[in-house]
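Working notes, structure below.
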Amino acid sequence: MSTTWMDALLHKRRHQGAAPYPHQAAFFLNNPIRRALSNPARKVDSIGLTGTEHVLEVGPGPGFYSVQIARRLIYGRLDLFDLQPEMLDKARRQLERAGFHDIGFTAGEASDGFPYPEDTFDVAFLAAVIGEVPDKPACIRSLGRVLKPGGQLVFAEAFPDPDRMSVWELRDLVEPENFEFAQATGNRWHDIVPFRRPA
């Protein structure tokens, strides 16, 4: 029996903790009102991409930020990694409609490690994702392995995400895994929290 978007959201609410946002309700994540209020282009601009980076977006969902990242990678590459193949399919359609076809798509559990060679990526971007990962330290360690020395690890956290992590919670999680905290930006509604892997 198929699950409706309402069933999926109620299940997520009842089982708070490390659980992904249900793909059946992805239209709530990728709608014009949220896009106008959240301004994904401005958040992606805060990463400071130059256009040549190899970027890993973890938990892209239906591609809310993915198109904006792809637009900035003139000579770079974007890879998407998500637990739910259905979300990757939605992101793929969104990117293809925007004219982006040379994108990597990999399904997997972030707690189990990322299936990429060491020192592959210049940037890893996680928007409203890390709070849903069951083994957060394992995820951060694996990101440290696949990021190049000097690479950026950037988190975007926002209200009203029930799994939102504060700047201090992120620092407590990430800094012990040999990342250096950079200056966070934001307000009570949203944060962009960047870290750097030491060169």
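Tabulated data
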item	result
Area accessible to solvent at Glu96, 1.4 Å probe radius, in Å²	80
3J(HN,Hα) from dihedral phi, the range 50-59, Karplus parametrisation 6.51/-1.76/1.60, rounded to Hz, x for glycine, proline	9, x, 10, 6, 9, 10, 10, 9, 9, x
Average Cα contact separation per residue, the range 127-187, under 8 Å, 6 or more apart, as relative contact order %	44
List His101, His54, ordered by accessible area with a 1.4 Å probe, largest first	His101, His54
For the range 22-197, the Rg and Dmax computed from alpha carbons only, in angstrom	14.7, 40
Percent accessible area from carbon and sulfur atoms, the range 22-197, protein chains only, probe 1.4 Å	52
With all protein chains modelled, accessible area of Thr185 [1.4 Å, Å²]	80
Mean accessible surface per residue for the range 22-197, computed with a 1.4 Å probe while every protein chain stays in place, in Å²	46
Reachable aspartates and glutamates, given that their alpha-carbon falls under 18 Å from the alpha-carbon of Lys148 and they are not under 8 places away in the same chain	Glu53, Glu57, Asp79, Glu118, Asp119, Asp122, Glu175, Glu177, Glu180
Dipole-positive endmost among Phe100, Trp189, Gly63 within the range 54-199 (Cβ charges, Cα centre)	Phe100
Contact order normalised by residue count of the range 71-199, Cα under 8 Å, 6+ apart, percent	21
Counted charge near Ser111, where neighbours are those whose Cβ lies closer than 15 Å (Asp, Glu -1; Lys, Arg +1)	-4
Using a Förster distance of 35 Å, the FRET efficiency for Glu86-Gln183 (Cβ separation, nearest 0.05)	0.45
Computed magnitude of the charge dipole of the range 130-182 (debye, nearest 20; Cβ of K, R +1, Cβ of D, E -1)	260
Point-to-point label distance, Ala138-Arg171, nm (Cα→Cβ direction, 7 Å offset)	2.8
Charged-residue dipole, Cβ positions (Lys, Arg, Asp, Glu), the range 22-197 about Cα centre, Debye nearest 20	680
Antiparallel DSSP beta bridges within the range 80-199, as percent of all bridges there, nearest 5	55
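The values are calculated or read from the model by the stated rules, or taken from the named source; none is laboratory data. Nothing here was measured: the structure is a model prediction, and the numbers come from that model. Reconstructed Cβ throughout: ideal geometry from the backbone, glycine too, with neighbour counts over all protein chains shown. Heavy atoms of the whole protein, side chains included, go into the accessibility calculation; ligands, DNA and RNA do not. Shrake-Rupley method; radii C 1.70, N 1.55, O 1.52, S 1.80 Å.
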